[in-house]
1. If the requirement is being open to solvent by less than 60 Å² (accessible area, probe 1.4 Å), modelled with pLDDT under 90 and under 18 Å from VAL149 (Cα atoms), which of these qualifies: GLY38, GLY81, GLY85?
2. Looking at GLY162, GLY130 in this structure, which one is in contact with a His (Cβ under 8 Å, 6 or more places away or on another chain), at pLDDT 95 or above and of a type in the set (Gly, Ala, Ser)?
3. Of the conditions (1) in contact (Cβ under 8 Å) with a residue 40 or more places away in the chain; (2) in contact with a Lys or Arg (Cβ under 7 Å, 6 or more places away or on another chain), ASP104 satisfies every one except a single condition; which number is it?
4. Checking SER29 against (1) surrounded by fewer than 20 Cβ atoms within 10 Å (Cβ to Cβ); (2) in contact (Cβ under 8 Å) with a residue 24 or more places away in the chain; (3) not in a strand (DSSP E or B), only one condition comes out false. Which one?
5. Confirm whether LEU97 is at positive phi and of a type in the set (A, V, I, L, M).
6. What are the residues in region 177-187 that are of a type outside the set (A, V, I, L, M, F, W, C) and within 21 Å of the chain's Cα centre (by Cα), if any?
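The values are calculated or read from the model by the stated rules, or taken from the named source; none is laboratory data. None of the values given here were measured: they were computed from a predicted structure. Here the Cβ positions follow ideal geometry from the backbone for every residue, glycine too, while neighbour counts run over all protein chains shown. Protein only, heavy atoms only, side chains kept; ligands, DNA and RNA dropped before computing areas. Shrake-Rupley method; radii C 1.70, N 1.55, O 1.52, S 1.80 Å.
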Amino acid sequence: MLHLAWIAPLVLLIFFLSSPRYRGDIAESRVRRLLAAGLERNRYTIFNDFDLPAGGGTVHFDHVVVSRHGIVVIESQYARGWVSGTAVQDRWKQQTLGRTERFDNPLGRNEQQKLALQALLGYPPRVIYGIVVMVGQKGFKGELPNHVVEPEKLIRELRKMGQLLMETEQAEKAISTIDATLMSSVGSHIR
């Protein structure tokens, strides 16, 4: 009987590795590493994995990048297999090994995040930009929706934002407002 004791931990490990929480952590970790390695600290401030109060509840943010080029709200999405969906569909599909699963459109979540940040900061919509990074998929069936990128193209997408949208003081105010809000909320993880 003792020789079968390894089965229970193996089964638990398989369930853990296939859980949505773990897959989400994979996507967030990958994007976090890309941002840390690809963006200069003196030009960009990066916030990772935090919640902000909004509309009587909270909104979760995977990543927010603040610079004079604007504020970018990044949603990390892990999906296995082939992904299909459009910007206006409520649910997207992922197809793996003949199975089709549906998941919420990450562009919708990204839009909610942008609106919550805009309400907090009071900045115009043109200053706040949204990007969804799709991690783990084999490819996208059909045309890739606007504002959706693969991890390898994230830094290039951020660097394309060449136009200065904010003065130094405005960027610093955004950083300090986010910091202050995070400090006042319990259990937040910053930077």
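1. On the way: GLY38 fails: modelled with pLDDT under 90; GLY85 fails: modelled with pLDDT under 90.
The match here is GLY81.
2. Among GLY162, GLY130, only GLY130 is in contact with a His (Cβ under 8 Å, 6 or more places away or on another chain), at pLDDT 95 or above and of a type in the set (Gly, Ala, Ser).
3. Of the numbered conditions (1) in contact (Cβ under 8 Å) with a residue 40 or more places away in the chain; (2) in contact with a Lys or Arg (Cβ under 7 Å, 6 or more places away or on another chain), the odd one out for ASP104 is (1).
4. Condition not satisfied by SER29: (2).
5. Values: at positive phi: yes; of a type in the set (A, V, I, L, M): yes.
Yes: the conditions hold for LEU97.
6. Our first condition is that a residue be of a type outside the set (A, V, I, L, M, F, W, C); within region 177-187, this holds for 177, 179, 181, 184-185, 187.
Passing the criteria: THR177, ASP179, THR181, SER185, GLY187.
Every residue, every condition in (1) closer than 13 Å to LEU158 by Cα; (2) among the small types (Gly, Ala, Ser); (3) touching an Asp or Glu at 6+ places or on another chain (Cβ under 7 Å); (4) at pLDDT 95 or above, yes or no:
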{"position": "TRP6", "(1), (2), (3), (4)": "no, no, no, no"}
{"position": "ARG23", "(1), (2), (3), (4)": "no, no, no, no"}
{"position": "ILE26", "(1), (2), (3), (4)": "no, no, no, no"}
{"position": "ILE46", "(1), (2), (3), (4)": "yes, no, no, yes"}
{"position": "ASP49", "(1), (2), (3), (4)": "no, no, yes, no"}
{"position": "GLY57", "(1), (2), (3), (4)": "no, yes, no, no"}
{"position": "VAL66", "(1), (2), (3), (4)": "yes, no, no, yes"}
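Here's the yes/no breakdown for (1) in contact (Cβ under 8 Å) with a residue 12 or more places away in the chain; (2) touching an Asp or Glu at 6+ places or on another chain (Cβ under 7 Å):
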{"residue": "GLU75", "(1), (2)": "yes, yes"}
{"residue": "TRP82", "(1), (2)": "yes, no"}
{"residue": "ASN110", "(1), (2)": "yes, yes"}
{"residue": "LEU117", "(1), (2)": "yes, no"}
{"residue": "LEU121", "(1), (2)": "yes, no"}
{"residue": "ILE128", "(1), (2)": "yes, no"}
{"residue": "GLY139", "(1), (2)": "yes, no"}
{"residue": "ARG156", "(1), (2)": "no, no"}
{"residue": "LEU164", "(1), (2)": "yes, no"}
